[in-house]
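Read through the structure below, which is laid out as structure tokens, and then see the notes.
The values are calculated or read from the model by the stated rules, or taken from the named source; none is laboratory data. The model shown is predicted, which means the values in this text are computed figures rather than measured ones. Cβ: placed from backbone, ideal geometry, glycine included. Neighbour counts: every protein chain shown. Ligands, DNA and RNA are excluded from the accessible area calculation, which covers all protein heavy atoms including side chains. Shrake-Rupley method; radii C 1.70, N 1.55, O 1.52, S 1.80 Å.
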Amino acid sequence: MTDAFFTCRKNVLLAKSLPTQIEGVFDATGGRLIPEEQEALLQQWLEEGAGNLPASESVPTVRKVSVTLTSDWLEGSELLMTSLSDLNTSPEVTQCGDQQLLELNALTSSELQDYAGAELTRLPAEETVTAAISVRWAAEVPQTDHQTAGSDVEVLNDDPLNDGSMNVLAWSLACDTETAPPVLPAQPIQDAVPFYPVPTEVPYHEILWRDWEDLSVQPCVLEQISENTSLFEFRVMSYNILAQDLVEQGLDLYVHCHPDILNWNYRLPNLLQEIQHWDPDVLCLQEVQENHYWEQLEPTFKEMGFACFYKRRTGTKTDGCAVCYKHSRFQLISFSPVEYFRPGLDILNRDNVGLVLLLQPVLPEGLGLKAVSPLCVANTHVLFNPRRGDIKLAQVALLLAEIDKIARTTEGSYYPVILCGDLNSVPDSPLYKFIRNGELSYHGMPAWKVVSGQEDFSQQLYSRKLLAPLWPSSLGVTDKCQYVTLCQPKKPGRREYSRDFLLQFRFCDAACERPPQLVLLEGVTDAKPVASAREHSAVTAVTKRHNALSFLGKQCSGVIQHGLNLTSVYSHFLPQRGRPEVTTMPMGLGATVDYIFYSAEPVENKAGECRRLYKDGALKLLGRLSLLSEDVLLMANGLPNRFCSSDHLCLLASFGLEISSL
């Protein structure tokens, strides 16, 4: 009996059910009863009880027991951040009166165990199932209106393999004389994929625990916020949700997963439930399959109060990026999709895309004459290929040029920027340092090293080298990651001109006219300059060459820059565990490739330091959802698993924008 109630307790902890809002859009299919598991569990309980209980004792009076455990009292994603003690004290676990509680205690008492043991020893083997304590096991589909029968003990099945969603099987335990269903022979599962679940004594929600880190109470943040400063607070989530087409094209990457866990009908409710639980105001998604977006995701997000924008990858790819924001919190100023594919350019011949939005925060009524700065939100998913760091660098430069265009103010400064995405680059790689430090000297660098950490190709004799310029002038992007047409004019001051530049004006109309105040000197100032055909063609060639060189500027030296002053929300290290953070686990190896960058103010570095330091400016980081380490995810069988339905972890951060007086 103790084992039966332990099983009930374990299954309640592992229960998952769809929120009502999601159920309205995607009806969960009914739970299936698995006779083999049912009978095996019952037989195990009977055998253990028969072996451990005494032969004869007095029989207490037993009536029907009524304990109700609602199927929707705790959402699956809440399990990932709720302690075991909180579960024990959850007000939604209802008990049907003091008298029934006493009856439940009586069932687990030694008197009942003695009685059950005596009955089991007297019964023939073939009558054990039908007569032992008159137990009836029945599978019932969970109530969709959140109502439960008062005479059942609902045991939540932790088997996730029910038509794509974790349906709940309600096992009824009652003392009556009904006949149990017949015992069916167990059938072996053919062609089953190896699946290694976590041991039952370690609950999943404790393994995948993710703390919310409140950074607003740190001294460095408090000293930047005065008593009279009010903030517009909002949450941003970045999430690579793993497109289903990519799953089916790369099943070899997910051999550790049971096939049903990879089913979209199972993964979708989990993903939506997680997003709904964390309730972001801005949502940046990568690997969003186009048909799933239009048919399922966008309608659901609109019901949740989001306005949505989507950009599919170019070419034949079926997934893309999406940015959603709550229209009650933001209004759209501008929207700009970015395609990285440029015909004829080897450096930009891939189909990745990005999105850049400029949003205006909506202040609550009653604040009077207050204003808050617009916010630029960018989302991207760059190339995966570890050997082509040159392409990744060019894609990021193109995205930064678009951000520069959208986020630039009329005074030449920038609105606050939040950059989210799967950059397929690890922390402290050259690409990461370029985004964070604002400068990268790439000339002569091996292409794979730009994303060092994904793979190491240092042993190759003939690795691809990055040469300057990285992209041709025809792209229209400068070495400062700005569009040529939007480049700021140089500040007024002393101008320096090269000799070649001045030579092109040698025979212009102004040079061929004699100034009236010029003193006439025979043989010196009385001659009109005349250019020969040879000289004219030479000057024209020099002029064209000079224009090209002046456009390339520093790019010929192999240095690219940007002026957005971005820093990462995450530190990429877990000091309490002494291990690095990871956001994904390809082939069982943890790595960080997903990021949320945000605008900050640079701090003057000490002499000799090359890493740029930042402090919060108008955009302040108030909190973040902690990440996990590789060893923790390995305990949960890697990614995806029965709770996390993507091969990436979601990133979540809370920000505050300063509200100023008009």
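Every residue, every condition in (1) part of a helix (DSSP H, G or I); (2) of a type in the set (S, T, Y), yes or no:
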{"site": "L383", "(1), (2)": "no, no"}
{"site": "K392", "(1), (2)": "yes, no"}
{"site": "Q395", "(1), (2)": "yes, no"}
{"site": "T410", "(1), (2)": "no, yes"}
{"site": "I418", "(1), (2)": "no, no"}
{"site": "G421", "(1), (2)": "no, no"}
{"site": "N424", "(1), (2)": "no, no"}
{"site": "D428", "(1), (2)": "no, no"}
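Which ones in the stretch 214-243 are more than 24 Å from V569 (Cβ to Cβ) and open to solvent by 20 Å² or more (accessible area, probe 1.4 Å)? Write out each step before concluding.
We begin by selecting, within the stretch 214-243, every residue more than 24 Å from V569 (Cβ to Cβ); these are 227-228, 243.
Hits for the stretch 214-243 are E227, N228.
Report yes if some residue within the stretch 639-654 is touching a residue at least 40 places away in the same chain (Cβ under 8 Å), closer than 30 Å to Q482 by Cβ and not in a helix (DSSP H, G or I); otherwise report no. Scanning the stretch 639-654, I find at least one residue that is touching a residue at least 40 places away in the same chain (Cβ under 8 Å), closer than 30 Å to Q482 by Cβ and not in a helix (DSSP H, G or I), so the answer is yes.
Within the stretch 292-321, residues that are within 15 Å of L242 (Cβ to Cβ) sit with their Cβ atoms under 7 Å from residues that are of a type in the set (G, A, S) and in a strand (DSSP E or B), at 6+ positions apart or across chains, in these pairs: Y293/A322; R313/G320; C321/G354. Of the residues making up the stretch 242-256, at least one is among the small types (G, A, S) and in contact with a strand residue (DSSP E or B) (Cβ under 9 Å, 6 or more places away or on another chain).
Taking the criterion of being open to solvent by less than 40 Å² (accessible area, probe 1.4 Å), more than 13 Å from S645 (Cβ to Cβ) and aromatic (F, W, Y), the residues of the stretch 263-312 that qualify are W278, Y293, F301, F306, Y310.
Given the structure, is V323 crowded, with 20+ Cβ neighbours inside 10 Å, over 17 Å from the mean Cα position of the chain (by Cα) and on the phi < 0 side of the Ramachandran plot? Walk me through it before giving the result.
Working: crowded, with 20+ Cβ neighbours inside 10 Å: yes; over 17 Å from the mean Cα position of the chain (by Cα): no; on the phi < 0 side of the Ramachandran plot: yes.
Taking the combined requirement at face value, the residue does not satisfy it.
Yes/no matrix, rows are residues, columns are (1) assigned to a helix (DSSP H, G or I); (2) modelled with pLDDT of 95 or more:
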position: S216; (1), (2): no, no
position: E227; (1), (2): no, no
position: S238; (1), (2): no, yes
position: L242; (1), (2): no, yes
position: D245; (1), (2): yes, yes
position: E248; (1), (2): yes, yes
position: D252; (1), (2): yes, no
position: N291; (1), (2): yes, yes
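Of everything in the stretch 640-655 that's at pLDDT below 95 and over 15 Å from the mean Cα position of the chain (by Cα), which residue is farthest from T592 (Cα to Cα)? Across the stretch 640-655, the extreme among qualifying residues is R642. Checked across the stretch 345-366, the condition of being in contact with a helix residue (DSSP H, G or I) (Cβ under 7 Å, 6 or more places away or on another chain), buried (at least 23 other Cβ atoms within 10 Å of the Cβ) and in a strand (DSSP E or B) holds for at least one residue. Exactly one residue among L470, L461 is of a type outside the set (F, W, Y), in a loop (DSSP other than H, G, I, E, B), farther than 30 Å from F573 by Cα and at pLDDT 75 or above, and that residue is L470.
Taking the criterion of being open to solvent by 10 Å² or more (accessible area, probe 1.4 Å) and either under 18 Å from Y614 (Cβ atoms) or touching a helix residue (DSSP H, G or I) at 6+ places or on another chain (Cβ under 6 Å) (or both), the residues of the stretch 413-431 that qualify are S413, Y414, Y415, P416, P427, D428, P430.
So, in the stretch 599-639, how many residues would count as being farther than 30 Å from Y254 by Cβ, in contact with a Ser or Thr (Cβ under 7 Å, 6 or more places away or on another chain) and modelled with pLDDT of 95 or more? Let's see the steps before the verdict.
Going residue by residue through the stretch 599-639, those that are farther than 30 Å from Y254 by Cβ are 599-623.
In the following step, the residues that additionally are in contact with a Ser or Thr (Cβ under 7 Å, 6 or more places away or on another chain) were identified as 600, 614, 617-619, 622-623.
Restricting the remaining residues to those that are modelled with pLDDT of 95 or more gives 600, 619, 622-623.
Total meeting the criteria: 4.
Within the stretch 379-397, which residues are more than 16 Å from K317 (Cα to Cα), among the hydrophobic types (A, V, I, L, M, F, W, C) and without any contact (Cβ under 8 Å) to a residue 60 or more places away in the chain?
The initial filter retains those residues of the stretch 379-397 that are more than 16 Å from K317 (Cα to Cα), namely 379, 386-397.
Of the ones still in play, those that are also among the hydrophobic types (A, V, I, L, M, F, W, C) are 391, 393-394, 396-397.
Within the stretch 379-397, I391, V396 qualify.
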